[in-house]
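Working notes for the structure below.
The values are calculated or read from the model by the stated rules, or taken from the named source; none is laboratory data. Predicted, not measured: the structure shown is a model, and the values here were computed from it. A quick note on method: Cβ atoms are made from the backbone with ideal geometry, for glycine too, and the neighbour counts reach across all protein chains shown. Remember, those area values only see protein heavy atoms, side chains included, never the ligands or the DNA or RNA. Shrake-Rupley method; radii C 1.70, N 1.55, O 1.52, S 1.80 Å.
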Amino acid sequence: MHRFTVGIEEEYQIIDPETRELRSHVSKIIEGGQTILKEKIKSEMHQAVIEMETGICSTVREAGEEIKYLRRNLLQIAQAQGLRIGAAGTHPFSHWFDQDITVHPRYEEIVNEMRDVARSNLIFGLHVHVGIPDREEGMRLLNTARYFLPHIYALSTNSPFWLGRNTGFKSYRSKVFDKFPRTGISPYFSSVAEYDEFIRILVKTNSIDNAKKIWWDLRLHPFYPTVEFRMCDMPMRIEETICVAALMQAVMAKIYKLHQQNLTFRGYRRALISENRWRAARYGKDAMMIDFGREQERNFAELIEELLEFIDDVVDELESRDLVNYVWEILKNGTGADRQLAVYESTGDLSQVVDLIIQETSCGLI
């Protein structure tokens with residue numbers, strides 16, 4: 001089997017421990033962390049966001065160990081600066097209007113183009129890169145893997161609050177990001193040539209300057225030999241990050257194995273997959289999702305069991321069986337969104353929700 005390498009990127013919140021609000025202090029974190037973390041620690045468009053990324057890892061287990069190391073050190077660096085780190089898709093009550101934008105030509109360009117759509121994009125996600133044999137096969141894998149995006153996305157839901165409101169969504173982060181162009185489920189492309197022609201037209205017409213401004217839930221990376229999963233909220237617990245990354249890698253490996261046997265998985269239109277995406281955002285693990293083959297609603301847990309059966313013959317080779325099986329812990333204990341909502345329902349206090357986020361971000365690390 002092709003060696004499906006993995007890279008993980010996590011976006012964290014920088015939080016004031018007194019007010020529990022976001023703090024635009026990314027420069028302090030980076031200055032305090034560059035000796036230890038070097039190029040692994042990066043700023044994002046908002047100065048209240050800090051990104052950590054692993055290198056190219058041979059297995060999800062290896063990537064998991066590295067992201068644990070990075071998160072552990074980030075927590076200690078923030079603590080030394082009198083700050084805290086949180087892992088969630090949105091902050092429960094901080095307003096985007098109060099947050100500073102990082103001074104950088106790329107971010108200035110995005111804000112100049114999209115104005116408050118960009119300024120209000122105060123969200124935090126998990127991105128996972130999976131190595132591909134080549135771009136042509138990567139496109140074939142991407143086309144098929146789109147079907148599974150809502151299922152994996154539902155397991156990561158961790159953004160029920162926005163600007164101090166209970167939104168009614170398990171993942172409101174996706175609704176904020178949907179205001180950007182070129183988001184959501186990617187279209188079907190019959191070949192890399194067709195995709196490249198699409199990019200060429202957008203560049204020629206000044207819609208984009210390069211393919212990094214394609215922000216679909218799953219995309220061919222414009223510079224790396226990977227496909228990039230971009231749909232997930234930032235999970236609260238490190239085990240959740242590792243689990244969803246393992247599921248992504250296993251789905252890609254399974255589809256590739258089918259291709260090697262001249263088999264495939266039935267494809268579905270973007271519009272149909274988007275229906276499940278909406279349900280995942282609204283209800284998370286409690287969603288009744290559509291089984292398009294049977295043309296009926298199914299309990300989410302049943303579909304996850306079928307997903308585990310689908311990837312069963314590749315997870316041992318990927319050394320990830322125990323990692324993907326953590327999905328049952330997520331279904332039992334709830335996603336980050338479920339746990340945030342439980343605290344709010346019992347206390348009515350969003351500050352205590354922030355305390356939960358801070359506590360669970362460090363769970364098992366310090």
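Quick rundown of the values:
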{"read-out": "Failed criterion for GLY267 (all others in (1) closer than 19 Å to PHE177 by Cβ; (2) of a type in the set (Gly, Ala, Ser); (3) more than 22 Å from the chain's Cα centre (by Cα) hold)", "value": "(1)"}
{"read-out": "Boolean, ALA271 is of a type in the set (A, V, I, L, M, F, W, C), modelled with pLDDT of 95 or more and open to solvent by 10 Å² or more (accessible area, probe 1.4 Å)", "value": "yes"}
{"read-out": "Pairs with Cβ under 7 Å, 6+ apart, first in segment 249-260 and open to solvent by 30 Å² or more (accessible area, probe 1.4 Å), second part of a helix (DSSP H, G or I) and among the hydrophobic types (A, V, I, L, M, F, W, C)", "value": "TYR256/LEU141; LYS257/VAL314"}
{"read-out": "Residue among ARG140, ARG135 that alone is open to solvent by 30 Å² or more (accessible area, probe 1.4 Å), within 25 Å of ILE56 (Cα to Cα) and in contact with a Leu (Cβ under 7 Å, 6 or more places away or on another chain)", "value": "ARG135"}
{"read-out": "Of all residues making up segment 56-75, the number that are open to solvent by less than 10 Å² (accessible area, probe 1.4 Å), over 18 Å from SER362 (Cα atoms) and touching a residue at least 60 places away in the same chain (Cβ under 8 Å)", "value": "1"}
{"read-out": "Evaluation of GLU51 against (1) under 30 Å from HIS2 (Cβ atoms); (2) open to solvent by 50 Å² or more (accessible area, probe 1.4 Å) (one fails), failing number", "value": "(2)"}
{"read-out": "Any chance ARG119 is modelled with pLDDT of 95 or more, surrounded by fewer than 14 Cβ atoms within 10 Å (Cβ to Cβ), of a type outside the set (A, V, I, L, M) and over 29 Å from ARG269 (Cα atoms)", "value": "no"}
{"read-out": "Residue match in segment 312-325 (condition: at pLDDT 95 or above and closer than 15 Å to ALA87 by Cα)", "value": "no"}
{"read-out": "Pick from segment 150-164, criterion within 20 Å of LEU122 (Cβ to Cβ) and not aromatic (Phe, Trp, Tyr), ranking: most open to solvent (accessible area, probe 1.4 Å)", "value": "LEU163"}
{"read-out": "Check on ALA80, surrounded by 17 or more Cβ atoms within 10 Å (Cβ to Cβ) and among the hydrophobic types (A, V, I, L, M, F, W, C)", "value": "no"}
{"read-out": "Which numbered condition VAL244 fails, given (1) more than 16 Å from GLU137 (Cα to Cα); (2) in contact (Cβ under 8 Å) with a residue 40 or more places away in the chain; (3) open to solvent by 10 Å² or more (accessible area, probe 1.4 Å)", "value": "(3)"}
{"read-out": "Residue within segment 267-275 that is of a type in the set (A, V, I, L, M) and more than 23 Å from ILE290 (Cβ to Cβ) present", "value": "no"}
{"read-out": "Of all residues in segment 165-187 being among the charged types (D, E, K, R) and within 18 Å of ARG279 (Cβ to Cβ), the one that is surrounded by the most Cβ atoms within 10 Å (Cβ to Cβ)", "value": "LYS170"}
{"read-out": "Out of ARG298, ARG277, ARG282, ARG294, sole residue that is basic (Lys, Arg) and part of a loop (DSSP other than H, G, I, E, B)", "value": "ARG294"}
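The rows are residues; the columns are (1) small (Gly, Ala, Ser); (2) under 29 Å from SER207 (Cβ atoms).
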| residue | (1), (2) |
| --- | --- |
| LEU70 | no, no |
| GLN76 | no, no |
| PHE93 | no, no |
| PRO105 | no, yes |
| VAL111 | no, yes |
| ARG119 | no, yes |
| GLY125 | yes, yes |
| LEU142 | no, yes |
